[in-house]
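The values are calculated or read from the model by the stated rules, or taken from the named source; none is laboratory data. Keep in mind it's a predicted model, so treat the numbers as computed, not measured. Backbone-built Cβ (ideal geometry, glycine too); neighbour counts: all protein chains shown.
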Amino acid sequence: MHPVLEEIQKIGIVPVVVLNDANDAKPLAEALVKGSLPCAEVTFRTAAAEESIKIMTEAYPEMLIGAGTVLTTEQVDRAVAAGAKFIVSPGLNPKTVRYCQEKNIPVIPGVANPSDIEAALDLGLETVKFFPAEALGGLKMIKAMAAPYTSVTFMPTGGINADNIRSYLDFPKIVACGGSWMVSAALVKEKKFDEIEALTRQAVNEMLGFELKHVGINCSSEAEADATAKSFEDLFGFGRRPGNTAIFAGSYIECTKTPYMGDKGHIAVGTNDLPRAIAYLARNGYAFAENSEKYDKNGNMTAIYLKDQIGGFAVHLLQK
C-alpha cells in the first residue's frame, strides 16, 4: 500500500469538502485539525478548489489534503501543483489512473460493481472508492464484492454519516470512509467552524469509541489482592474471580497479586480500533511504552501501554 494510503487508513475518516470561497479554506482546515481529523478531500468541482488546496496545505502542512472529483489529467496537474497528496475520482477513468501512476500519485478511483473492480485490478490498483455507497447497497454490497476480490480494499463515500460510520469501519476491508456530514456546505457557508470542529471531534470519538474497561489496583500479595477484591464484593456485590496474576471484583476492578505497571496500578481503556487509536494519540503528542504491546494468536495487537503515567496510574489501551 502506498504510504499516503497507509496514512489515510490510520486516520480512518476523510472529510469530503466543497468550497465555493477560498477564504473559507484556512478556518475550515483549522477546525478539522482541532477536531483531530487532519485530512480532507477537496472536491475539484468549484472554481475555488485549487486555491483552497493551496491555502490549506500552506497553513497546515501536517494535513493530508487530496483532490476529489478529479476527471482529467489536466485537473491532476493543477491539484498536485496546489499541494494535493492524493487524487480521488467518482468513476474509473483508465487514462487518469495511468497518468497518476506514472507520476507516483496515489489515486483512488470510484467503482460501483464487480466489472469496475476487475478494471481496477487490471490497472494494478488495490484500493478503490465505492461510490455512491449507500445508494449502491452500502456495507452489504461491499462485503459481497470483497468475498471474491480478496486483495481489494475500499474507501466508501456517499451516505456515510455519524449513525453508520462505525459499522463500515468495523469491516477490515475498508481502509477509510469519506463523509461530508461534519463539513456540510450549509455549515461552511454560514461559517460555523466551531460547529464543524465539534462534529469532527464527535466523528473521531464515534470511530474510536474510547471506554473505561477496568482499573487495576497494585497489591503486594495474593492475600491482599483477595482482601481488596472481597471489599468490593461486600460493598457492591462485585463477585470475585481469581486469575493467575490477579483477582477481579466484577469486571471493573483488577487486584494484582504483585505490583504491576504504574505506581498505584493501571487503567484500561477499550477502543473500537486499536491501530487508529494509537495513530490518533501519537498525532496528539502521546508516546507509548516500548515492548508493552500484547498480541493474540493471530498476530493482532490487543493492548499497549502509554509511556507516561497519569496520577500514578499506568494507562493501556485494549482492543474491544
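From the list R45, R78, R98, the lone residue that is within 21 Å of I160 (Cβ to Cβ) and either touching a Leu at 6+ places or on another chain (Cβ under 6 Å) or of a type in the set (D, E, K, R) (or both) is R45. Considering (1) crowded, with 24+ Cβ neighbours inside 10 Å; (2) hydroxyl-bearing (S, T, Y); (3) under 28 Å from L136 (Cβ atoms), say which one T73 fails and leave the rest. With respect to (1) crowded, with 24+ Cβ neighbours inside 10 Å; (2) hydroxyl-bearing (S, T, Y); (3) under 28 Å from L136 (Cβ atoms), T73 is out only on (1).
Within the range 170-197, residues that are touching a residue at least 24 places away in the same chain (Cβ under 8 Å) reach partners that are in a helix (DSSP H, G or I) and among the small types (G, A, S) with beta carbons closer than 6 Å, at six or more positions or on different chains, in the pairs K173/A146; M182/A203; F193/A31; I196/A31; E197/A31. Can you find even one residue in the range 267-287 that is surrounded by 18 or more Cβ atoms within 10 Å (Cβ to Cβ), more than 20 Å from the chain's Cα centre (by Cα) and either in contact (Cβ under 8 Å) with a residue 24 or more places away in the chain or assigned to a helix (DSSP H, G or I) (or both)? Yes, that holds for at least one residue.
Could you check the range 8-24 and list, in sequence order, the residues that are farther than 20 Å from N205 by Cβ, crowded, with 18+ Cβ neighbours inside 10 Å and of a type in the set (D, E, K, R)? Don't jump to the end; show me each part of the working.
First pass over the range 8-24, keeping only residues farther than 20 Å from N205 by Cβ: 17-24.
Add one more test, that the residue is crowded, with 18+ Cβ neighbours inside 10 Å, and what stays is 17-19, 22, 24.
Answer for the range 8-24, where residues must be farther than 20 Å from N205 by Cβ, crowded, with 18+ Cβ neighbours inside 10 Å and of a type in the set (D, E, K, R): just D24.
The residues of the range 114-125 that are touching a helix residue (DSSP H, G or I) at 6+ places or on another chain (Cβ under 8 Å) and of a type outside the set (A, V, I, L, M), listed by number, are P114, G124.
Can you find a residue in the range 96-106 that is surrounded by fewer than 22 Cβ atoms within 10 Å (Cβ to Cβ), without any contact (Cβ under 8 Å) to a residue 40 or more places away in the chain, closer than 19 Å to T72 by Cβ and acidic (D, E)? Yes, the range 96-106 has at least one match.
Among the listed residues F171, F154, F193, which satisfies the condition of being exposed (fewer than 15 other Cβ atoms within 10 Å of the Cβ), in contact with a helix residue (DSSP H, G or I) (Cβ under 7 Å, 6 or more places away or on another chain), at negative phi and not β-branched (V, I, T)? Don't jump to the end; show me each part of the working.
Working: F154 fails: exposed (fewer than 15 other Cβ atoms within 10 Å of the Cβ); F193 fails: exposed (fewer than 15 other Cβ atoms within 10 Å of the Cβ).
Going through F171, F154, F193 in turn, the sole match is F171.
Taking the criterion of being of a type in the set (D, E, K, R) and at positive phi, would at least one residue in the range 200-221 satisfy it? The answer is no, given that none of the residues of the range 200-221 is of a type in the set (D, E, K, R) and at positive phi. Going through the range 246-256 one residue at a time, which ones are modelled with pLDDT of 95 or more and of a type in the set (S, T, Y)? Correct list: T256 only. Residues that are in contact with a Lys or Arg (Cβ under 6 Å, 6 or more places away or on another chain) and on the phi > 0 side of the Ramachandran plot do occur in the range 59-70, at least one of them.
Residues that are closer than 15 Å to D24 by Cβ and buried (at least 24 other Cβ atoms within 10 Å of the Cβ) within the range 56-70 comprise M56, I65, listed in sequence order.
Against the definition (of a type in the set (A, V, I, L, M), surrounded by fewer than 17 Cβ atoms within 10 Å (Cβ to Cβ) and free of Cβ contacts under 8 Å to residues at least 40 places away in the same chain), how does L121 come out, yes or no? Spell out the reasoning first.
Working: of a type in the set (A, V, I, L, M): yes; surrounded by fewer than 17 Cβ atoms within 10 Å (Cβ to Cβ): yes; free of Cβ contacts under 8 Å to residues at least 40 places away in the same chain: yes.
It is true that L121 is of a type in the set (A, V, I, L, M), surrounded by fewer than 17 Cβ atoms within 10 Å (Cβ to Cβ) and free of Cβ contacts under 8 Å to residues at least 40 places away in the same chain.
Here G270 fulfils each of the conditions (1) under 27 Å from L169 (Cα atoms); (2) out of contact with any Asp or Glu (no Cβ under 8 Å at 6 or more places or on another chain) apart from (2).
For the range 293-312, filtered to residues that are modelled with pLDDT under 95 and of a type in the set (S, T, N, Q), the residue that is surrounded by the most Cβ atoms within 10 Å (Cβ to Cβ) is N300. Within the range 244-266, the set of residues being in contact (Cβ under 8 Å) with a residue 40 or more places away in the chain and of a type in the set (F, W, Y) comprises Y252, Y260.
The condition of being within 20 Å of A289 (Cβ to Cβ), among the hydroxyl-bearing types (S, T, Y) and surrounded by 21 or more Cβ atoms within 10 Å (Cβ to Cβ) holds for only one of T256, T245, that being T256.
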